[in-house]
Structure formats: structure tokens, C-alpha cells
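Report on the following structure.
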Amino acid sequence: MEKRFVYADNAATTAPYPEVIDEMMIYLRENWGNPSSIHKKGEEAKAALDMCREKVASLLGCEASELVFTSCGTEADNHAIRGAAYANAAKGKHIITTKVEHPAVLNTCKALEKEGFRVTYLDVDSEGRVSAEDVERAICDDTVLVSVMYANNEIGTIMPIKEIAAVCRAHGVLCMTDAVQAVGAVPINVRELGVDMLTASGHKIHAPKGIGLLYIKKGTKIKNLIEGGGQERGRRGGTENLPYIAAFAKALEIAVAKLPDMARVEKMRDRLIAELTKLPRTRVNGSLTHRLPGNANISFECIEGESILLLMDMAGICCSTGSACSSNSLDPSHVLLAIGLPHEVAHGSVRITLSHENTEEDVDYIIEKLTETVERLRKMSPLWKE
Amino acid sequence: MYSEKVMDHFANPRNVGEIENASGVGEVGNAKCGDIMKMFLKIEDGVIVDVKFKTFGCGAAVATSSMATEMIKGKTVDEALALTNKAVVEALDGLPPAKIHCSVLAEEAVKSAVADYYKKNGIEKEIPGFCGDCDSCSHCHH
Ligand SMILES: Cc1ncc(COP(=O)(O)O)c(C=O)c1O
């Protein structure tokens, strides 16, 4: 096939949609007031902010007053976990999470451990899932918070959050879910889901980087992370970033409207997985049934992920890897290790994440180039035997 | 992230392959850490007349192996033993700090292959700076 450019790293970030950028520009060029000002410019901004919040609330199935806009998904995760832990410290100091969370959650929990909280990091099964029963078994008298991600950013595994939330409710424990990878990719109604807190991030759904969201169910008391001038109903200080909030609202609106097209993305993903796993000593990581529509995570034995990525990049394809060599750490991805992959297999893993913008031709091209790359590197590998 | 030289040696590695009945073969690193280098030397009258390598590893691992083979080809065994990881890094116009260990591995691969050559030929010579036990001194601790 003719050389083309294929962006297939949509779990890392997505290209902002032109409509989203246009929407955002309105709040940079014209409606740039401070929503807290009482003059005309401020009122204009306040009206727009309220409208955006209403829009996001109706798309997520909650009330506008239950939403806090943050500077990113990481801040929302920190806010939810620290806020819930501190607010309930008198009641108990035990938190339950999983071994496969994003660092925004894992490292927040680790920091809380240093402050005297106790954290249980649940094992996952070979597909990367925990069950509601696993969560229930881990609940103790002093458990105050359960934080389980909705969908994994590396292997795309979707967790049974509704069931987990029900268990938490029955035990009077707060339930938080990091839904950064799930919002916009699968249908989500927070009320039906039954969680107390949920986080999302703009740049995973074709809005810019630097905007996140925290849903806090009415009546849930959590401590603030950022004190300031009383914005966000006193829950997060800082003049509201209206251009980015407007971009986020627009992007979410588009994402929800495009949910039916995820069936097409899912088909492309399935074709990728089916074709690539025809190669010898190759496996797919994660679940085939509980999986984000765009995620394909594949391990190729006897070769190393960074080398694969570099050759793919030369061919015009952007994707990512769970190999240690692509990071500053000596260990491969904590997620791949948690599902039981040996180190040497985890080093040879590649994550391809598709979006609405990808086409069948992209998929053909990825299959062709990745197959070539794998064969080429295996020829060079001292571990490979025909 | 990488210099043009590194990318050139990664994209077009020199001396990839194996040598049958090699005078010396060395293998360093381990799969768990994500890099293994295997080096094959053909030595005649104390001169490395041919060298080939196979590497499992990242871009820097491939590039340092390739550069190291180029730097020792046609040299005497003693000259090859004098090859330092620093020289390999310099020849590649530098490596990111996290990748320096790849150049150490390349130096060790050469030494390990020469050690094998010495052993096969009953030559009792010490190789300075080579412990021969990569599992104990490697960069990764598992
Ligand atoms: C599951 C998950 N949680 C949290 C984050 C952090 O979001 P942000 O980049 O907006 O801080 C990401 C993305 O990087 C993610 O994939």
C-alpha cells in the first residue's frame, strides 16, 4: 500500500475536532469575560458557562449542580480520592482500588498510604477485570472508598461498575470510577450507573488537553483539593476556563451523537485483532467481550515494543507500547504484569487505539506494516526460532 | 529522542546475522529486562575478519550493537577489547540517559564473544572490566 499517515494512539490523546476548536474560539475572541463579574461581560460568560454545564449534565444523566470542571482528568481523580478520603477519615481509613488503575489514581492512593490510609490494590483476572464479589470481599469495617476504573487505558478492559456501585451502596461505602477512557466511547448515564463520583477528561474525546470533569452525586461530601474564590459552587477555586469547558461540552455532544458509529470502530478493532493474532507466538491482551471499541493490545514474542514503535512511526503510524524501554522505568507496564504476562512478553506489546476518524484503509495499512515490522525484528532477534 | 546516527543504525543495522562455526560467540542481557545481544566473531591471526550480531531490544540496543560491530570489524582482538561504551555512544552522536545501559551491553557483548574465543582456544588471558556474569551486574534487577 501507498505510504499514509495513520494516527492510532487515541487512548493517549485525540485530535481536537474543528467544530470543537471553533466553539472554543468564541470564548477567546468574543465571550471572554469572567463568569464571576457582575457586569455585562461577566453575565455573558456566566450564561455560557451555565449552558455548557447543563449540556454536559444532560449528556451524562445528572444535574448541573453535580458537576465540577477541573484542569484535567488527573486533577479530577486526585480531587475525588483525596477529597473522599479526607472527608471520611474519622469514619475509616481504608480504600479499595485495583492494580490496573491509571497513575493518577494509583499514585494518589500511594500518597495517601504515606499519610496513614490503608489501601487494598485488588488483583485482576487474566482479562484485567475485578468482579463485584472481589470488591465486596475486600470491604472492611473501616472501608470508606472504592475506586475502580471504568475502562482500562492500556488494554481497554471494561469493569462491571454498575455491580460494583451496587455493592458499595449496600455497604455504605463511596464508589468512584475513573471513566476517562470510557466517556464518549460507551454509553454512560451516571444516575443509572449508581456511582458517587466519576471522572472524565476532554482530550480523550477530541477536546483540548487541560480540561477535566468530576461528577459528585448530590449529598456526597468531599473535601476540596483547590481552595479559592468560591467557583464551582465552592468546590474548586480558580476562574472557570470557559473556552475549554465549552470545548469539552461540544466534544461530549459530538461523542454522544457519534456513539452509534462506535459499532464501526469496534468492527475495525476486531479485524485488527483477528488478523494480527494470526501471526505465530502472538496474543491479544485484555477481554474480547468487555472491551473498549477502539482498543487493540497485542503482544509479539521475541521482539521489543519500542523497536516496533520506531519502525511503525517511520511507516507513518502512531501507536504505543507497554515496554519498559519506552519509559524511564525498568519494568514493563503494570497493567500487563497484573494480567499475568511474563516480563519478556510484556516488553513486546503494542497498543493500537482507533477513533471515529480511522478508516478501513487505515486498518489495512496497520496490518500490513505491523506484520512487516514484526517479521523484520524477529529476523534480527536472537530469541526467535522459525 | 534519538540522534540521526542512532536512527540510521536502527533503521539500517550493519552486520545483522549469524556466523556459522564462529571463532567466538557472546550473549549478554536477558529477556526479562527487554534486551539481549548476541555477537558472533570470526577471528584469523588475531584479527576480527567478520562480525555479526542479533539483538532483541529497543532502538538504542539495535543501534549500539550495529555501531559496535562496525567499530571492531577489521581490528585486532586487543583493539576490540579496548572498545568502550563511551566510544560507542560518541560514535552515535549521543544517547538519551536512560539508554546508556544499551551501550554498556554492546561493550559487554564484544568482551563476552572474545572471552568465548579465548576459552575455545585455551588462551588464558584476563579481560579487564568484564565479569562474564551479566545477570549479577546488569542494569535491571529482577
Ligand atoms: C484512565 C485514565 N485516567 C486518567 C487520565 C489522566 O487524564 P489527563 O491526561 O486529563 O490528566 C488518563 C489519561 O491520561 C487515563 O487514561
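The values are calculated or read from the model by the stated rules, or taken from the named source; none is laboratory data. Everything numeric in this text was worked out from a predicted model, so none of it was measured. Here the Cβ is made from the backbone with ideal geometry for all residues, glycine too, and neighbour counts use every protein chain on show.
When you look at B:Leu41, is it crowded, with 16+ Cβ neighbours inside 10 Å and away from chain A (no Cβ under 14 Å), yes or no? Steps first, please.
Working: crowded, with 16+ Cβ neighbours inside 10 Å: yes; away from chain A (no Cβ under 14 Å): yes.
Against the criterion (crowded, with 16+ Cβ neighbours inside 10 Å and away from chain A (no Cβ under 14 Å)), B:Leu41 qualifies.
Of the residues A:Asn153, A:Asn189, only one is more than 16 Å from the ligand (Cβ to nearest atom), among the polar types (S, T, N, Q) and not assigned by TED's automatic domain parsing to the domain that holds A:Arg264; which?
Working: A:Asn153 fails: more than 16 Å from the ligand (Cβ to nearest atom).
From the options A:Asn153, A:Asn189, the qualifying one is A:Asn189.
Looking at (1) part of a strand (DSSP E or B); (2) surrounded by 20 or more Cβ atoms within 10 Å (Cβ to Cβ), which is the one condition that is false for B:Ala68?
All conditions are met except number (1).
Which of the numbered conditions does A:Ala90 fail, given that it passes all the others? Conditions: (1) part of a loop (DSSP other than H, G, I, E, B); (2) within 16 Å of the ligand (Cβ to nearest atom).
All conditions are met except number (2).
Can you find a residue in the range A:209-223 that is farther than 29 Å from A:Ile164 by Cα, of a type in the set (A, V, I, L, M, F, W, C) and touching an Asp or Glu at 6+ places or on another chain (Cβ under 7 Å)?
Residues of the range A:209-223 farther than 29 Å from A:Ile164 by Cα: A:209-210.
Those still in the list that are of a type in the set (A, V, I, L, M, F, W, C) too: none.
Taking every residue of the range A:209-223 in turn, none turns out to be farther than 29 Å from A:Ile164 by Cα, of a type in the set (A, V, I, L, M, F, W, C) and touching an Asp or Glu at 6+ places or on another chain (Cβ under 7 Å).
Is there a residue being within 16 Å of the ligand (Cβ to nearest atom), surrounded by 18 or more Cβ atoms within 10 Å (Cβ to Cβ), more than 14 Å from chain B (Cβ to nearest Cβ) and part of a strand (DSSP E or B) anywhere in the range A:13-21?
Restricting attention to the range A:13-21, the residues satisfying the condition of being within 16 Å of the ligand (Cβ to nearest atom) are A:13-16, A:20.
Those left that are additionally surrounded by 18 or more Cβ atoms within 10 Å (Cβ to Cβ): A:14, A:16, A:20.
Checking which are more than 14 Å from chain B (Cβ to nearest Cβ) leaves us with A:14, A:16, A:20.
Then drop every residue that is not part of a strand (DSSP E or B), which leaves none.
Looking through the range A:13-21, none of the residues is within 16 Å of the ligand (Cβ to nearest atom), surrounded by 18 or more Cβ atoms within 10 Å (Cβ to Cβ), more than 14 Å from chain B (Cβ to nearest Cβ) and part of a strand (DSSP E or B).
Mind checking which residues of the range B:70-115 are farther than 19 Å from B:Gly129 by Cβ and either in contact with a Cys (Cβ under 9 Å, 6 or more places away or on another chain) or of a type outside the set (D, E, K, R) (or both)? Talk me through it step by step, then tell me what you get.
Start the filter on the range B:70-115 by keeping residues that are farther than 19 Å from B:Gly129 by Cβ, which leaves B:70, B:73-74, B:92-99.
Those that are farther than 19 Å from B:Gly129 by Cβ and either in contact with a Cys (Cβ under 9 Å, 6 or more places away or on another chain) or of a type outside the set (D, E, K, R) (or both): B:Gly74, B:Leu92, B:Gly94, B:Leu95, B:Pro96, B:Pro97, B:Ala98, B:Lys99.
Looking at (1) of a type in the set (Lys, Arg); (2) facing another protein chain (nearest Cβ under 10 Å); (3) part of a helix (DSSP H, G or I), which is the one condition that is false for B:Lys86?
(2)
Anything in the range B:1-38 that is within 13 Å of chain A (Cβ to nearest Cβ) and assigned to a strand (DSSP E or B)? List them, or say none.
Within the range B:1-38, B:Val16, B:Val25, B:Gly26, B:Glu27, B:Val28, B:Gly29, B:Asn30, B:Asp35, B:Ile36, B:Met37, B:Lys38 meet the criteria.
Output yes when any residue across the range A:167-180 is more than 11 Å from the ligand (Cβ to nearest atom), of a type outside the set (D, E, K, R) and farther than 22 Å from A:Arg82 by Cα, and no when none is. Full working, then the answer.
Of the range A:167-180, the ones more than 11 Å from the ligand (Cβ to nearest atom) are A:167-176.
Add one more test, that the residue is of a type outside the set (D, E, K, R), and what stays is A:167-168, A:170-176.
In the following step, the residues that additionally are farther than 22 Å from A:Arg82 by Cα were identified as A:170.
Checked the range A:167-180: at least one residue is more than 11 Å from the ligand (Cβ to nearest atom), of a type outside the set (D, E, K, R) and farther than 22 Å from A:Arg82 by Cα.
So which helices (runs of 4 or more DSSP H) stay within the range A:278-386 end to end and still have 2 or more residues that are under 26 Å from the mean Cα position of the chain (by Cα) and within 13 Å of chain B (Cβ to nearest Cβ)? Before you say what the answer is, go through the steps one by one.
Values: elements: A:305-314, A:334-338, A:343-346, A:360-380.
In the range A:278-386, A:305-314, A:334-338, A:343-346 are the helices (runs of 4 or more DSSP H) which contain 2 or more residues that are under 26 Å from the mean Cα position of the chain (by Cα) and within 13 Å of chain B (Cβ to nearest Cβ).
Please enumerate the residues belonging to the range A:124-141 that are in a loop (DSSP other than H, G, I, E, B), among the charged types (D, E, K, R) and loosely packed, with under 13 Cβ neighbours inside 10 Å. Before you say what the answer is, go through the steps one by one.
Taking the range A:124-141 first, the residues in a loop (DSSP other than H, G, I, E, B) are A:124-131, A:139-141.
Next, only the ones that are among the charged types (D, E, K, R) stay: A:125, A:127, A:129, A:141.
Scanning the range A:124-141 gives a single hit, A:Asp141.
Kindly establish whether A:Ala85 is more than 16 Å from the ligand (Cβ to nearest atom), more than 20 Å from A:Leu292 (Cβ to Cβ), within 26 Å of the chain's Cα centre (by Cα) and modelled with pLDDT of 95 or more.
yes
Given the criteria without any contact (Cβ under 8 Å) to a residue 24 or more places away in the chain and more than 14 Å from chain A (Cβ to nearest Cβ), does B:Asp78 qualify? Step through it out loud before you land on a result.
Numbers: without any contact (Cβ under 8 Å) to a residue 24 or more places away in the chain: no; more than 14 Å from chain A (Cβ to nearest Cβ): yes.
So B:Asp78 does not fit the description; no.
Exactly one of these conditions fails for A:Thr98: (1) within 16 Å of the ligand (Cβ to nearest atom); (2) under 23 Å from A:Glu66 (Cβ atoms); (3) not hydrophobic (A, V, I, L, M, F, W, C). Give me its number.
(2)
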